[in-house]
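Some notes on the structure that comes next.
Just so it is clear, none of the values below were taken in a lab; they were calculated from the coordinates. A quick note: this is a predicted structure, and the numbers were derived from the prediction, not measured. Cβ: placed from backbone, ideal geometry, glycine included. Neighbour counts: every protein chain shown.
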Amino acid sequence: MGLLDKLFGNKEIEYPQLPVGNYALAQLDEIKGPLEELAQKVSDHLEVVPAEHEAFVFLGKPPKSFGIAWIHDGKVTGLKEFAEEKKCRRLTLES
């Protein structure tokens with residue numbers, strides 16, 4: 001399974017390529033290295049939301065099995081690592 005297959009899901013869905021000069025393509029190219037590394041490590045579906053000099057990646061299929069990663073400064077930070085770094089305490093959500 002290639003990088004784009006993991007980013008955009010199932011191989012059966014054909015998405016058009018982003019046109020050359022597209023702003024989102026430029027943003028994705030900027031984080032391509034860490035994004036490809038993440039795609040190789042993760043076997044779940046990935047959805048990427050590019051931003052200027054960074055991206056947010058949603059992994060898996062909510063609500064039961066999902067995660068969030070932040071690609072910034074040439075590295076990938078998971079939600080758990082970010083919470084530990086910021087010394088956030090764990091919250092329990094109840095419905």
Could you sort out which of LYS32/LYS75; LYS32/LYS61; LYS41/LYS61; LYS61/LYS86 sit more than 18 Å apart by Cα distance in this structure? LYS32/LYS61; LYS61/LYS86
Label-point separation, LEU28 to GLU52 (7 Å along Cα→Cβ), nm: 2.1
